[in-house]
1. Considering only residues of the stretch 63-84 that are surrounded by 15 or more Cβ atoms within 10 Å (Cβ to Cβ) and either polar (S, T, N, Q) or outside any loop (DSSP other than H, G, I, E, B) (or both), which is farthest from the chain's Cα centre (by Cα)?
2. Of the residues that make up the stretch 32-47, is at least one in contact (Cβ under 8 Å) with a residue 40 or more places away in the chain and over 16 Å from Ile13 (Cβ atoms)?
3. Of the residues Lys53, Lys20, Lys15, only one is in contact (Cβ under 8 Å) with a residue 40 or more places away in the chain, of a type outside the set (Phe, Trp, Tyr) and surrounded by 12 or more Cβ atoms within 10 Å (Cβ to Cβ); which?
4. The conditions are (1) outside the structural domain of Gln147 (by TED's automatic domain parsing); (2) surrounded by 17 or more Cβ atoms within 10 Å (Cβ to Cβ); (3) closer than 16 Å to Glu118 by Cβ, and Ala60 fails exactly one of them. Which is it?
5. Would you mind stating whether Glu14 is assigned to a strand (DSSP E or B) and not assigned by TED's automatic domain parsing to the domain that holds Leu146?
6. Can you name the number of the only condition in (1) touching a strand residue (DSSP E or B) at 6+ places or on another chain (Cβ under 6 Å); (2) not in a strand (DSSP E or B) that Val96 fails?
7. Within the stretch 99-134, work out how many residues are exposed (fewer than 15 other Cβ atoms within 10 Å of the Cβ) and in a loop (DSSP other than H, G, I, E, B).
8. Scan the stretch 26-35 for residues that are more than 28 Å from Val139 (Cβ to Cβ) and either assigned to a strand (DSSP E or B) or not assigned by TED's automatic domain parsing to the domain that holds Lys53 (or both) and jot them down.
Amino acid sequence: MARNAAERDVEYIEKLVSIKRVAKVVKGGRRFGFSALVVVGDGKGRVGFGTGKAREVPEAVKKATESAKKSMIRIPLREGRTLHHDVTSIFGAGHVHMRAAPVGTGIIAGGPMRAVFEALGIQDVVSKSLGTSSPHNMVRATITGLQRIHSPRQIAAKRGKRVGEIVGRRDRDAALGDQGDE
């Protein structure tokens, strides 16, 4: 019960990705309804997406938002602003490439991917989508790729090493890169 109360106090970022008009053919003609795709996040590393269908747009959006809140997952972020490592993901015909970026790069991404990154709280990322431009497949491919991201802490725990042994390479490579330019 305390968890539900704490979740209600969190301010969510809701992004409406797409609305489509759908038709059901019945004996007397067509019945029109609406399908909505919504991405919800807390801006601090949690994100989820959901779909909803209803006869009216607001009801479809409401159903999609509730579905998205139920499906939220946690994604580890480096310095709370970018990805820990590059990742490629596929869902259906949608291929998505996401790369960590230095400070000040911003979000370089297409519409549905941008909505996911903004809701997640990522500030610097470079991404490219190939294949389909379907918002559903792009959002699913992006979320699937983000689920495969692991923080150095998770990798160290899995391998039985210290975080310094894993992250030390990144710092050492950066230092060697600086020396090579001089």
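1. My answer is Lys63.
2. Of the stretch 32-47, the ones in contact (Cβ under 8 Å) with a residue 40 or more places away in the chain are 37, 39-47.
Among the residues that remain, those that are also over 16 Å from Ile13 (Cβ atoms) are: none.
Taking every residue of the stretch 32-47 in turn, none turns out to be in contact (Cβ under 8 Å) with a residue 40 or more places away in the chain and over 16 Å from Ile13 (Cβ atoms).
3. Numbers: Lys53 fails: in contact (Cβ under 8 Å) with a residue 40 or more places away in the chain; Lys20 fails: in contact (Cβ under 8 Å) with a residue 40 or more places away in the chain.
Answer to the check: Lys15.
4. Among (1) outside the structural domain of Gln147 (by TED's automatic domain parsing); (2) surrounded by 17 or more Cβ atoms within 10 Å (Cβ to Cβ); (3) closer than 16 Å to Glu118 by Cβ, the lone unmet condition for Ala60 is (3).
5. Working: assigned to a strand (DSSP E or B): yes; not assigned by TED's automatic domain parsing to the domain that holds Leu146: yes.
The answer is yes for Glu14.
6. Val96 satisfies all of (1) touching a strand residue (DSSP E or B) at 6+ places or on another chain (Cβ under 6 Å); (2) not in a strand (DSSP E or B) except (2).
7. Within the stretch 99-134, residues that are exposed (fewer than 15 other Cβ atoms within 10 Å of the Cβ) and in a loop (DSSP other than H, G, I, E, B) number 5.
8. Here is the first cut: in the stretch 26-35, the ones more than 28 Å from Val139 (Cβ to Cβ) are 26-29.
If the condition is that a residue be more than 28 Å from Val139 (Cβ to Cβ) and either assigned to a strand (DSSP E or B) or not assigned by TED's automatic domain parsing to the domain that holds Lys53 (or both), then Val26, Gly29 are the ones that fit.
The values are calculated or read from the model by the stated rules, or taken from the named source; none is laboratory data. Everything numeric here is computed off the predicted structure, so don't read it as measured data. We place every Cβ from the backbone using ideal geometry, glycine too, and count neighbours over all the protein chains shown.
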